[in-house]
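The values are calculated or read from the model by the stated rules, or taken from the named source; none is laboratory data. This one's a predicted model, so the numbers in the text were calculated from it and none came from an experiment. Counting neighbours? That spans all protein chains shown, and the Cβs are built from the backbone with ideal geometry, glycine included.
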Amino acid sequence: MFIISDPLKKIIKLLKLDKPLVIFDVETTGSAISEDKIVELAFIKIWPDGRIKKEEMILNPEIPISPEASTIHGLADQDVDDKPTFCQAAQELWEVFNDCYYAGFNVMNFDLMILRREFIRIGMHFDYETSRIIDSKVLFQHLAPNTLSAAYEFYCRKDYKQEHTALGDVEVAAEILIKQLERYKEVRDWEFVNKIHQAPDDPSESFIDNTRKFYWRRGEAYFAFSKHINKPLAQVAEDDPEFLKWILSADFSDETKNIVKEALKIDLQKRN
């Protein structure tokens, strides 16, 4: 639905948007970006002309929801059985997210990554640039205290005591972003935002697996070892799948092998 919200329209004025901004949050089956899937997605989309759309949806992930994840977001397998799959909702979501700026709390290191993988699994190439992300958690850690509730109390002088939902988190993230834009003039400068969002030069700060074989860069898995060091895993899956098959037969951890299996599966889906 489309809504009119003067506080949200402050974002348009303060950021001088030239394309839509999507503030969003996802809830998932677990916390493994390479394996888990989205069960709930909520967003507020703000167009430069002042239109604002707010929506949330429940999705059937087609895999079990972990007990730990259910404890966080309250959704169990029986709650999603009759809901659309990501594939069924993909075109609608593509129209929401394609060619936009992106914002939220921890979207750069989780939500955007897992959304991108969902699109890749069904053969849709959803990509984004770090320069189009404004992550309130990253800004919060750089400029001030590091949880959503702490940021809400710090910037908005309110306690976040409502029931945990994706849409509730989106609305809170939007309030935090407004306060950050009002408080810090530098946050309205995309060059400043891009600078503090850049991936660290030292990939050890963003390893995917415990054995440090892969690391994240710009939302994509990269090799941290072998002849393919610093190459994207997806590219190696396409150019040298035999090397990945060798990893599966060699003495590597189950975690590393699962990451490789997922890459090979995605590459096969793309080819078909």
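Of the residues making up the stretch 47-70, those that are in a helix (DSSP H, G or I) and within 20 Å of the chain's Cα centre (by Cα) number 3.
Tell me which of these Lys161 doesn't satisfy, since it passes every other one: (1) out of contact with any helix residue (DSSP H, G or I) (no Cβ under 8 Å at 6 or more places or on another chain); (2) closer than 22 Å to Asp18 by Cα. Going through the list (1) out of contact with any helix residue (DSSP H, G or I) (no Cβ under 8 Å at 6 or more places or on another chain); (2) closer than 22 Å to Asp18 by Cα, Lys161 breaks only (2). When the stretch 42-56 is filtered for residues that are small (Gly, Ala, Ser) and under 15 Å from Ile11 (Cα atoms), only Gly50 remains. When Thr130 is tested against the conditions (1) more than 30 Å from Ala90 (Cβ to Cβ); (2) in contact with a Gly (Cβ under 9 Å, 6 or more places away or on another chain); (3) polar (S, T, N, Q), the lone failure is (1). Tell me, please, whether a residue that is at pLDDT below 85, over 21 Å from the mean Cα position of the chain (by Cα) and hydroxyl-bearing (Ser, Thr, Tyr) can be found in the stretch 210-224. The answer is yes; a qualifying residue exists.
For Ile44, are the conditions met, namely being part of a strand (DSSP E or B), aliphatic (A, V, I, L, M), closer than 15 Å to Leu177 by Cβ and over 14 Å from the mean Cα position of the chain (by Cα)? It is true that Ile44 is part of a strand (DSSP E or B), aliphatic (A, V, I, L, M), closer than 15 Å to Leu177 by Cβ and over 14 Å from the mean Cα position of the chain (by Cα).
Scanning the stretch 219-257 for residues that are exposed (fewer than 14 other Cβ atoms within 10 Å of the Cβ), in a helix (DSSP H, G or I) and polar (S, T, N, Q) gives a single hit, Ser249.
Residues in the stretch 25-59 that are over 16 Å from Ile114 (Cβ atoms) and either in contact with a Phe, Trp or Tyr (Cβ under 8 Å, 6 or more places away or on another chain) or assigned by TED's automatic domain parsing to the domain that holds Ile266 (or both): Ile44, Arg51, Ile52, Lys53, Lys54, Glu55, Glu56.
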